[in-house]
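See structure below.
The values are calculated or read from the model by the stated rules, or taken from the named source; none is laboratory data. Since the model is a prediction, treat every value here as computed from it, not as a measurement. Neighbour counts run over all protein chains shown; Cβ positions are idealised from the backbone, glycine included. With ligands, DNA and RNA removed, areas are computed over all heavy atoms of the protein, side chains included. Shrake-Rupley method; radii C 1.70, N 1.55, O 1.52, S 1.80 Å.
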Amino acid sequence: MNAYVERVLNDLKKKDAYQPEFLQAVEEVLTSTSIVFDLHPLYEDKAVLERLVEPERMIQFKVPWMDDRGVYHVNRGYRVQYNSALGPYKGGLRFHPSVNLGILKFLGFEQIFKNALTTLPIGGGKGGSDFDPKGKSDEEIMRFCQSFMTELYRHIGPDTDVPAGDMGVGVREVGYLYGHYRRIRGVVEPGVFTGKSLGFGGSLIRKEATGYGLVYFVCEMLKNVGLENAKPRVVVSGSGNVAIYACEKAKQMGWQVIAMSDSKGYIVDEHLDLDVVKHIKEVERGSLALYPEYAGHGEYHEGSVYDASLAYDVALPCATQNEINGERAMNMYNCGCRLVAEGANMPSNKDAVAYYLNHGMLYGPGKAANAGGVATSALEMSQNSMRLSWTSAEVDERLHQIMINIHAQCVDACNKYGLDPTNYMAGANIAGMERVIEAMLAQGDY
Ligand code: NDP
């Protein structure tokens, strides 16, 4: 590893020892871009890496709210404004009990390079709360969102910081958050939030974009190795926003999705009925355990789908971080899986990624493969600025082109540095990082 990269990494490990996910993300990016620093020794003099790993600003605040019984609760709210060299901070809000500053720093850091890969003018940020939306009434969710926004509003704006959804934050939550922003600020600024409902400034295809974009990216990966006509058998983990629309596009491509999962278990069904999954998750907000009864076929099992013995070619992890470790990667390989593309952020830990690469599995990292969501968010911002709406076909076509372009950038970066053109991890990190560094240096010493 380059000595400068190693020094910055070691310093960070001392300073942020209590943030394992953040260190994991930084280590992956810095080790895979080490070669860039070998070739640009001047970057060390300009402290480029030290500037890049440090967020521009981190905001933490309390979020008091009252439940339906009149009992008070207090959660922690956060916004990490990581890097604005390319444009306003852009990145989702996550509501999940596991949220802490380290997780949001990891997500914000990843977001910088993902957003750079879209080539759209957006910087990187992330936010959220340790609030658990599960089992809460609609009114409780609304009160929580309003309390969260009562603090957040002063830090965001269409030209400064534009949040969106993530785990636990969908179109309902974005509606409550945006509505309260509009009320407090007294202005109509739809461009301050993306992932809005279609009725007040949302973009067609935004809901579908991350999952659809993931499948478009997989198509490019398959083309890259001469398998463009393949009709793979697919396992999708998760059954939230990203998973559902990845499954929908995979089915439209004529691929067979044989399993999906949630936080408690997974379903296996050779004739998987996505409408039933949508009903359970989007309408009832229930467990996949209901699936066999509602669909009239298929099986439900507790545990991780990646521990199961199934036969499939492609895995699309679309649930959460560190879902796949080395052991699960080996099991996936033994199931026949030869391509993993990440809909979620960092679903594969370090051992899993090493296993994929050492066993010749094609690996599409989240920051490239799931960038379709934020890219379409940027398209939503453009439509809001122009005060017009594009058709589904128009947005979908732009999304498709962006995913093709992201894939091409990964391959080009590999070629530029003499790496294997299917090393998407290095390709994505290098291409994203070069764009951000160039912008930072051109703007002085911030
Ligand atoms: P959702 O909240 O809509 O769905 C999350 C899904 O993951 C649910 O099915 C949930 O199960 C499952 N899940 C949660 N925790 C675990 C766990 N520990 N083990 C297994 N499954 C789990 O989130 P999204 O679909 O929006 O996001 C999923 C991932 O994609 C996240 O990593 C997010 O950061 C990333 N992402 C999202 C984008 C977007 O546009 N939404 C854009 C780019 C990346 P249950 O239903 O039981 O809660």
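How do the pairs read when you match residues in the range 163-187 that are touching a residue at least 40 places away in the same chain (Cβ under 8 Å) with residues anywhere that are within 11 Å of the ligand (Cβ to nearest atom) and of a type in the set (D, E, K, R), using Cβ under 6 Å and keeping only pairs 6 or more apart or on different chains?
ASP166/ARG94; MET167/ARG94
If the Cβ limit is 6 Å and pairs must be 6+ apart or interchain, which residue in the range 247-274 that is free of Cβ contacts under 8 Å to residues at least 40 places away in the same chain and within 14 Å of TYR294 (Cβ to Cβ) pairs with which residue that is of a type in the set (A, V, I, L, M) and surrounded by 16 or more Cβ atoms within 10 Å (Cβ to Cβ)?
ILE267/MET260; ILE267/LEU288; LEU272/VAL257; ASP273/ALA295
Select from the range 242-285 the residues that are open to solvent by 40 Å² or more (accessible area, probe 1.4 Å) and acidic (Asp, Glu) and list them in ascending order.
Answer for the range 242-285, where residues must be open to solvent by 40 Å² or more (accessible area, probe 1.4 Å) and acidic (Asp, Glu): GLU270, ASP273, ASP275, GLU282, GLU284.
Which pairs do you get when a residue that is closer than 22 Å to SER385 by Cβ, found in the range 197-226, comes within reach of a residue that is of a type in the set (Asp, Glu) and more than 13 Å from the ligand (Cβ to nearest atom), reach meaning Cβ atoms under 6 angstrom, with the pair 6+ apart or on two chains?
ILE205/ASP396
Quick check on the range 415-430. Is at least one of its residues open to solvent by 30 Å² or more (accessible area, probe 1.4 Å) and within 16 Å of the ligand (Cβ to nearest atom)?
Within the range 415-430, none of the residues are open to solvent by 30 Å² or more (accessible area, probe 1.4 Å) and within 16 Å of the ligand (Cβ to nearest atom).
Is at least one residue of the range 111-122 more than 15 Å from the ligand (Cβ to nearest atom), open to solvent by 10 Å² or more (accessible area, probe 1.4 Å) and of a type outside the set (A, V, I, L, M, F, W, C)?
Looking through the range 111-122, at least one residue is more than 15 Å from the ligand (Cβ to nearest atom), open to solvent by 10 Å² or more (accessible area, probe 1.4 Å) and of a type outside the set (A, V, I, L, M, F, W, C).
Restrict the check to the range 388-411 and report whether at least one residue is in contact with a Phe, Trp or Tyr (Cβ under 8 Å, 6 or more places away or on another chain) and farther than 15 Å from TYR216 by Cα.
So far as the range 388-411 goes, no, none of its residues is in contact with a Phe, Trp or Tyr (Cβ under 8 Å, 6 or more places away or on another chain) and farther than 15 Å from TYR216 by Cα.
Can GLY360 be described as surrounded by fewer than 17 Cβ atoms within 10 Å (Cβ to Cβ), more than 12 Å from the ligand (Cβ to nearest atom), modelled with pLDDT of 95 or more and under 24 Å from HIS407 (Cβ atoms)? Quick ask: steps written out before the conclusion?
Working: surrounded by fewer than 17 Cβ atoms within 10 Å (Cβ to Cβ): yes; more than 12 Å from the ligand (Cβ to nearest atom): yes; modelled with pLDDT of 95 or more: yes; under 24 Å from HIS407 (Cβ atoms): yes.
Yes.
Among the residues of the range 130-148, write down those that are open to solvent by less than 20 Å² (accessible area, probe 1.4 Å) and free of Cβ contacts under 8 Å to residues at least 40 places away in the same chain.
Within the range 130-148, ILE141, CYS145 meet the criteria.
Among the numbered criteria (1) open to solvent by 60 Å² or more (accessible area, probe 1.4 Å); (2) over 18 Å from VAL436 (Cβ atoms), which single criterion is violated by GLY70?
(1)
Considering only the range 210-241, how many residues are open to solvent by 30 Å² or more (accessible area, probe 1.4 Å) and either more than 22 Å from TYR333 (Cα to Cα) or within 13 Å of the ligand (Cβ to nearest atom) (or both)?
2
Please indicate, with yes or no, whether at least one residue in the range 149-158 is more than 16 Å from the ligand (Cβ to nearest atom), under 27 Å from LEU52 (Cβ atoms) and open to solvent by less than 10 Å² (accessible area, probe 1.4 Å). Walk me through it before giving the result.
Residues of the range 149-158 more than 16 Å from the ligand (Cβ to nearest atom): 149-158.
Next, from what is left, pick out any that are under 27 Å from LEU52 (Cβ atoms): 152, 154-158.
Retained after the next criterion (residues that are open to solvent by less than 10 Å² (accessible area, probe 1.4 Å)): 152, 157.
Yes.
Using beta carbons and a limit of 7 Å, which pairs, at least six apart or on different chains, have the first residue in the range 317-331 and more than 10 Å from the ligand (Cβ to nearest atom) and the second one at pLDDT below 95 and part of a loop (DSSP other than H, G, I, E, B)?
none
Residue-wise test of (1) assigned to a loop (DSSP other than H, G, I, E, B); (2) modelled with pLDDT of 95 or more; (3) closer than 28 Å to HIS400 by Cα.
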position	(1), (2), (3)
VAL234	no, yes, yes
ILE258	no, yes, yes
TYR266	no, yes, no
HIS271	yes, yes, yes
ILE280	no, yes, no
GLU327	no, yes, no
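Counting just the residues of the range 286-314 that are part of a strand (DSSP E or B) and open to solvent by 50 Å² or more (accessible area, probe 1.4 Å), which one comes out nearest to GLY254 (Cα to Cα)?
Within the range 286-314, the subset part of a strand (DSSP E or B) is 299-302, 314.
Among the residues that remain, those that are also open to solvent by 50 Å² or more (accessible area, probe 1.4 Å) are: 299-302.
Details: GLU299: 22, TYR300: 24, HIS301: 26, GLU302: 28 Å.
Among them, the one singled out is GLU299.
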